[in-house]
Structure formats: C-alpha cells, structure tokens
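One structure is given below, encoded as structure tokens.
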Amino acid sequence: MTIQQVLLLLLLWMWLLHPCHTEMLFRRTPDLRPKSFGGRISGNDGKAIHRQKRGWMWNQFFLLEEYTGSDYQYVGKLHSDQDKGDGSLKYILSGDGAGTLFIIDEKTGDIHATRRIDREEKAFYTLRAQAINRRTLRPVEPESEFVIKIHDINDNEPTFPEEIYTASVPEMSVVGTSVVQVTATDADDPSYGNSARVIYSILQGQPYFSVEPETGIIRTALPNMNRENREQYQVVIQAKDMGGQMGGLSGTTTVNITLTDVNDNPPRFPQSTIHLRIPESSPVGTAIGSIKATDADTGKNAEVEYRIIDGDGTDMFDIVTQKDTQEGIITVRKPLDYETRRLYTLKVEAENTHVDPRFYYLGPFKDTTIVKISVEDVDEPPIFSRSSYLFEVHEDIELGTIIGTVMARDPDSASSPIRFSLDRHTDLDRIFNIHSGNGSIYTSKPLDREISQWHNLSVIAAEINNPKDTTRVPVYVRILDVNDNAPQFAVFYDTFVCENARAGQV
C-alpha cells in the first residue's frame with residue numbers, strides 16, 4: 001500500500017470517528033407538525049399518557065472497507081432524545097448482519113463492525129434501529145431503517161479479461177487506423193472518487209502504435225508500416241486507476257499485432273536475361289524450363305500471369321503459368337531443327353493478377369525479361385531420300401546386276417558417312433545383296449518370276465561413327481517376265497487308233 005493510500009485511510013478514519021458525523025439522533029423535529037403516537041405509554045406516576053411521535057434524525061453511516069485494526073471498527077452511535085442517560089433505555093439493532101457483522105451496545109447505542117468488510121462483496125447494509133424502555137420493553141420511538149454504506153478504497157487493480165490479445169492491421173495503413181480495443185475492469189466503486197477511473201497507456205510498442213487513454217483503442221502511429229520489413233509487433237498496454245495519477249493501481253496486457261499483406265510490391269525478375277537449352281529432338285509439348293518473377297507479397301497479392309509478348313520464337317514456344325509455384329513453364333510448340341536454327345529469343349512479361357488501385361503509384365505491377373533458347377544438336381539417324389523404293393527388273397538378268405540404289409544422308413552438321421545393309425529376315429534366300437558404301441542393290445542368285453513375282457526387302461542405314469543409330473526403308477522389287485519357258489501340255493495324252501483308219505479321221 002502506498003503512502004498516499006495510508007494517508008487517505010487515516011483521514012477517512014478520523015472523519016468517521018468524529019461524533020458530529022457518527023451519531024444518529026432520536027429527537028424532535030421542530031419543523032414537523034406533531035403526530036399522535038399510536039400506543040399508550042405509562043408515565044412515572046403510572047398513569048397512561050399520550051405523547052407526540054418522535055422521529056429520529058440521522059445521517060447515513062459510512063464505513064471504510066478493508067479495515068485491518070486489531071479492535072472492532074467503530075461505525076456510529078444511535079441516540080434518542082428520550083435517553084436521559086440513566087440507563088432506562090435499551091437500543092436494539094436488526095437487519096443485514098445485525099448481531100454478527102454489526103453489534104450494538106444496548107446501553108450507549110454504539111455500533112461496531114466485528115470483521116473486515118469488502119465493498120466489492122456488498123456495498124451497503126440495511127438495518128433497523130429501535131429504542132425501548134428497559135423496564136416495560138415498550139418502544140419509546142418507532143422503529144426506523146437506516147443504511148450503512150461501505151466506503152470504497154482503492155484496493156482493486158484494473159484487470160484485462162485476456163492476458164494476451166491477437167490482432168491484425170493491413171500494412172501501409174494510414175496513421176490512426178484502429179487496430180483493436182482492449183478494456184480493463186476495476187472492481188472498485190465507479191461512483192466514488194477515482195478508484196475505478198481507468199486510464200490506458202502504452203508501455204511497449206512505440207513508436208509504431210498508440211492507445212487512446214480513455215477508450216483503450218490501439219491505433220497505428222507510423223505511416224507506411226511495411227510487412228516486408230517487419231510483420232510481427234508485441235504491444236504492452238497498461239491500465240491504471242485513479243485516473244492514471246501517482247499512487248493508482250495498474251494492470252497490463254499484451255497485444256500481438258500482425259501486419260497483413262497488401263499488394264504494394266510489383267513482381268521482379270531476378271535477371272534481365274535468362275538462358276535455356278533444349279535438344280532438337282524434343283517433341284512438341286516438352287517443357288524447356290521454368291522462369292520465375294519474385295514478389296515480396298504473399299497469397300493472391302503475389303500471383304502473377306506470364307506471357308510471351310515479343311521475340312523471334314513466338315510461333316515456336318508457349319509459356320504456361322504454374323499456379324502452385326507461380327512459375328512460368330516454357331514449352332515446345334513446333335518441332336525444332338538444330339541445322340535450321342540454333343537460337344531463339346523471347347521477351348516474357350510477368351504481371352500481377354490482383355492489383356490494388358491504392359498503390360498504382362508504386363507500379364507498374366509487371367516486369368519483363370529476355371529468354372534466350374539454344375537448340376542443341378542431337379546425333380540423328382540417317383535420312384533416306386525416299387520413304388520407300390520400287391525397283392523393276394527382268395527375271396533373266398545376270399547375277400551381280402544392280403537393280404537399283406537407295407540413298408541416305410546424315411542430317412547432322414558433322415555429316416557422318418553412312419553404311420547400308422539388308423535385313424536378312426526379309427531376304428532369307430539371300431537372292432539380293434547391297435553395296436555397304438553406296439547403297440546399290442544387286443542380285444546374288446538367279447531370279448524367276450514364275451517362282452516369286454515380288455520381293456519385299458528392308459534396307460538399314462547406319463552412321464559409321466554411331467552404328468546404333470539406324471534408319472530403315474522398305475524396298476519393293478518387282479520381277480518382270482521374259483519368254484524363257486516352252487509350252488507344255490497340261491496332261492499326258494494316251495491315244496489309240498485302228499489300223500484300218502481312214503485319212504482325216506480324228
């Protein structure tokens with residue numbers, strides 16, 4: 001307890017003990033017209049007399065809470081103007097706490113409290129007082145009701161319902177933007193003094209935030225608070241009673257404040273030029289690689305859309321936005337050929353899809369980069385001059401006669417020499433052979449149209465430097481007829497003729 005509180009208690013105690021404030025009187029009220037008392041009371045001579053009703057005049061009693069003295073706490077004194085001081089009257093107390101919490105000296109009318117009282121448990125007590133003749137036990141005054149009001153002292157500090165609050169406010173908010181309101185309660189009497197008058201102040205969190213002293217509303221105190229620089233703040237708020245004056249009791253709470261994201265950052269490519277490579281053999285739809293523009297924002301504020309806006313490869317490549325990773329995936333749109341073109345250049349743009357008009361001045365909310373795509377050479381198999389070959393040859397040609405020539409070339413820039421061969425599964429009788437160097441096909445056995453009119457061959461071309469890379473082409477050989485067979489009867493005829501047959505007889 002502070003020195004100021006001790007002094008306050010002493011002043012209140014002295015005030016309560018002063019008899020002019022603690023005596024409740026039963027005396028005549030000169031301003032009121034006498035009213036007849038409803039009963040008969042015997043006088044000293046034993047005769048019944050009529051007397052005027054006496055009202056008690058009294059002040060409301062006040063009792064200081066949280067009394068810590070060793071003796072009973074003095075409350076006040078009841079006194080009737082019928083009391084001559086000879087002990088003939090008896091004072092009786094009834095009502096809230098009478099006989100337990102509050103006791104009365106039946107001779108003197110002095111009232112005491114038997115224990116410490118907490119105003120926050122009960123703020124006032126209603127009791128009834130009566131003065132009776134000790135001998136006859138008859139009332140000398142009508143019963144009257146009075147109140148003992150418990151005077152508050154500042155014995156309760158302000159308390160917050162939550163020990164830790166969580167709040168958020170958008171980044172870049174203007175100064176004075178409301179974040180959250182915290183409210184502390186004080187169990188002391190709000191109608192008496194300043195014991196329950198709470199004032200709020202900020203102990204931690206300046207200069208970023210402020211608090212309204214009377215309302216507890218926390219507001220932003222700095223302009224352009226950037227989430228990308230700092231996202232979390234811990235603010236400590238103090239609530240102090242006695243109007244915030246010295247000697248008041250206080251309580252604190254912590255408010256964790258998060259700056260939420262707004263779209264105040266445009267996307268940015270980390271490089272002005274990006275290099276990618278792709279083999280020429282990659283089929284249409286193949287992903288070449290990914291590019292990504294970084295955005296310091298989060299969530300939908302960081303979403304971007306990629307597009308190819310210029311370059312000499314706009315018809316050869318596409319770009320697709322990958323939503324989950326926010327990357328741009330570049331894919332092959334048309335077949336590539338290293339020997340035709342080896343380098344393409346694209347101009348790619350990344351643009352935010354959700355732009356906040358409040359921050360247009362920070363834009364534009366898009367960026368561009370140059371993507372250079374190098375087509376890499378692949379050791380391609382030989383290419384035949386035709387997709388298939390048809391040769392016609394007469395069946396009577398001599399052995400070793402060339403019936404035709406197939407041609408193939410290496411499409412690669414190195415132009416490796418080609419070696420030709422026949423797939424023997426298509427020429428099991430080994431009727432034909434091929435010159436491995438020039439692709440000339442010649443006969444190695446006689447041809448007979450009457451045995452086989454067509455021969456379907458498969459010629460294999462392979463690079464000498466890379467024999468595993470091969471290409472096949474079908475070769476159709478048609479055997480042409482020559483007159484190399486005399487007529488023959490289909491059956492053997494066995495005939496008979498008579499010896500005397502005439503000439504011309506069948």
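Tabulated data for the structure shown
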item	result
Close pairs from the range 312-338: first free of Cβ contacts under 8 Å to residues at least 24 places away in the same chain, partner in a loop (DSSP other than H, G, I, E, B) and not hydrophobic (A, V, I, L, M, F, W, C), Cβ under 6 Å, at least 6 apart	D318/R333
Every residue from the range 206-243 that is open to solvent by less than 30 Å² (accessible area, probe 1.4 Å), over 25 Å from R358 (Cβ atoms) and of a type outside the set (D, E)	V211, G216, V235, V236, I237, A239, G243
Tally of residues being open to solvent by less than 60 Å² (accessible area, probe 1.4 Å), in contact with a Pro (Cβ under 9 Å, 6 or more places away or on another chain) and part of a strand (DSSP E or B) across the range 175-205	3
Residue selected from the range 397-417 under the condition surrounded by 15 or more Cβ atoms within 10 Å (Cβ to Cβ) and farther than 20 Å from P474 by Cα, by the criterion farthest from the chain's Cα centre (by Cα)	I397
Selected residue (only one of S440, S452, S444, S458 is in contact with a helix residue (DSSP H, G or I) (Cβ under 6 Å, 6 or more places away or on another chain) and among the small types (G, A, S))	S458
Residue ID - nearest to the chain's Cα centre (by Cα), chosen from residues in the range 112-144 that are under 27 Å from D86 (Cα atoms) and either open to solvent by 80 Å² or more (accessible area, probe 1.4 Å) or among the basic types (K, R) (or both)	R128
Sole residue being of a type outside the set (D, E, K, R) and farther than 14 Å from S282 by Cα, chosen from V332, V320	V320
Conditions (1) touching a Ser or Thr at 6+ places or on another chain (Cβ under 8 Å); (2) open to solvent by less than 70 Å² (accessible area, probe 1.4 Å): number failed by S374	(1)
Conditions (1) within 23 Å of R386 (Cβ to Cβ); (2) open to solvent by less than 70 Å² (accessible area, probe 1.4 Å); number of the one not met by H425	(2)
Wholly enclosed strands (runs of 3 or more DSSP E) of the range 81-174 bearing at least 3 residues aliphatic (A, V, I, L, M)	89-95, 124-133, 144-151, 164-170
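The values are calculated or read from the model by the stated rules, or taken from the named source; none is laboratory data. On a predicted model such as this, the values are computed, not experimentally measured, just so you know. For neighbour counting, all protein chains shown are included, and Cβ atoms are generated from backbone atoms with ideal geometry for every residue, glycine included. Protein only, heavy atoms only, side chains kept; ligands, DNA and RNA dropped before computing areas. Shrake-Rupley method; radii C 1.70, N 1.55, O 1.52, S 1.80 Å.
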